[in-house]
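The values are calculated or read from the model by the stated rules, or taken from the named source; none is laboratory data. Bear in mind the structure is a predicted one, so any value in this text is a computation, not a measurement. Note: ideal-geometry Cβ built from the backbone for every residue, glycine included; neighbour counts use all protein chains shown. Only protein heavy atoms, including side chains, enter the accessible area calculation; ligands, DNA and RNA are left aside. Shrake-Rupley method; radii C 1.70, N 1.55, O 1.52, S 1.80 Å.
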Amino acid sequence: MAKIKVTCKYFTTVLGATKKDGETIEIAAKMSVENFIEFMSDKYGSEFSKNVYAEGTIRGKKFKTPNIYL
């Protein structure tokens, strides 16, 4: 399976969750952005998750969307 390297830079609250300002991670080349964020959430826990997702309700429907720059 082909792999790619992803360089992540962390700022403010995400930096606090990861305890580092950045890292390079090797992942499967076909991994989706959604799966990558879930992978990172599993790695760093709820403090990371609550800072990379925006959650709320619009017209009575709940939503969860990434709140990050790519």
Completion exercise
Taking Cα atoms, the helix 33-44 axis meets the longest principal axis of the chain at an angle in degrees (rounded to 10) of 80 degrees
Fill in the blank from the handout: Given Cβ charges of +1 for Lys and Arg and -1 for Asp and Glu, the option among Gly60, Ala28, Phe39 whose Cα lies farthest towards the positive end of the dipole of segment 13-70 is Gly60
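Expressed as a whole percentage, what fraction of the accessible surface of the chain belongs to carbon and sulfur atoms when a 1.4 Å probe is rolled over the protein heavy atoms?
Details: 2960 of 5500 Å².
That fraction is 54 percent.
When the Kirkwood hydrodynamic radius is evaluated over all pairs of different C-alpha atoms of the chain, what value in angstrom, to one decimal, is obtained?
On the way: mean 1/r = 0.0761 Å⁻¹.
Result for the chain, one decimal place: 13.1 Å.
I'd like to check one number: the per residue accessible area of the chain, probe 1.4 Å, reported in Å² as a whole number. Walk me through the numbers on the way to the answer.
Numbers: 5500 Å² over 70 residues.
With all protein chains present, the chain gives 79 Å² per residue.
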Handout entry: Lysine pair count for the chain [Cα-Cα under 18 Å; pairs on different chains or 8 or more apart]
Key = 14
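Give, in nm to one decimal, the length gained when the segment between Ala29 and Glu47 is fully stretched (0.36 nm per residue of separation minus the Cα-Cα distance). All intermediate terms of the calculation are to be shown ahead of the outcome.
On the way: separation 18, 0.36 × 18 = 6.48 nm, distance 2.66 nm.
Answer, rounded to one decimal: 3.8 nm.
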